[in-house]
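Working notes for the structure below.
Please treat every number below as a calculation from the coordinates, not as lab data. Everything quoted here is computed from the prediction, not taken from an experiment. With ideal geometry, Cβ positions are generated from the backbone for all residues, glycine too; neighbour counts draw on all protein chains shown.
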Amino acid sequence: MELIDGNKIAAAIIAELKAQVAALPGRKPCIALVRVGEDPASVSYVKKKELACAEIGIASQLLFPPVTISADELFALVDKLNADPDVDGILVQSPLPKHLNEVAVFRRIAAHKDVDGFHTLNLGKLAQEDDTGFVACTPAGIMELLQRSGVKLAGKHVVMLGRSLIVGKPAALLALQRKPWANATVTVCHSQTANLPSITCQADVLIAAIGKAEFVTADMVKPGAVVIDVGVNRVPDLTKKSGYRLTGDVHFSTVAPLCSKITPVPGGVGPMTVAMLMQNTLKARRQSLIQVGNK
């Protein structure tokens, strides 16, 4: 069994991006990071993104509106960032407070600044294999992990456990693409799938993204499979100072011995999500330079 080290692969990508940003003409890329309220997980995630920006040389605008902000006020803030020529990318950290419609907020972001890849236009470009669009960061990170770990998907059976717009659907579309690193046969499973273990046991590559702690057990995995664990769940653990431990959607201790390769939690997919956000921000800046050059 080989452990896929997301921290190591993400660090290599960050180093590559740092060199590419340094070589850019004119101003450096800039991303606006919008965090509504003080949710502890969101505070942590945005801080990681801010630190990655600083390491690479990407400018970051930090905007922290109060949790009481109205939908119209948040739309106005997004509109202002859309109109700012010095902002290349916009990220509104989820989850948002319940009184705000996340999908409506994501759609409000201009498609050419949607570095999170959730805008309808970018999802459509992904389906059409149009590389000018932005791919959601976690699915893009999964594909990078597989490529850089020497996992070839062509002709392989990929089983995607989860159908969210954030991970499941984009990851399935990526694995299906007519690209040298893709060309997989893909099955998407979800909460209504019958005889689930009989399907997951067919997977050459199993991607788990359902948000249920340690849901995937040894009887659901084919020996020799590659397992990508996207889940990040907090479960009680009185032996920890925090009172909890982080675990994925895969029961690691029993599944790992069966696998040819597997990602840990933490330290697997998570670091890649931040790296892909930085890559998308650089891409947005490059595309803005092309637009300026064409005028």
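Key figures for this structure:
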item	result
Karplus (6.51, -1.76, 1.60) ³J(HN,Hα), θ = phi - 60°, over the range 236-241, in Hz, Gly and Pro reported as x	x, 7, 6, 7, 9, 4
Kyte-Doolittle mean at least -0.5 and Cα axial length at least 20 Å: DSSP H helices in the chain	6-22, 40-56, 270-294
DSSP-defined antiparallel bridges as percent of all bridges, the chain, nearest 5	15 percent
Choice from Thr120, Thr185, Thr239 showing the highest fluctuation, given a GNM over the chain with Cα pairs closer than 10 Å	Thr239
Neighbourhood net charge (13 Å Cβ-Cβ; Lys/Arg +1, Asp/Glu -1) for Leu246	-1
Relative contact order %, the chain, counting alpha carbon pairs below 8 Å whose residues are six or more apart	21 percent
Cross-link pairs Lys212/Lys283; Lys28/Lys283; Lys125/Lys169; Lys156/Lys222 - those with Cα-Cα distance over 22 Å	Lys212/Lys283
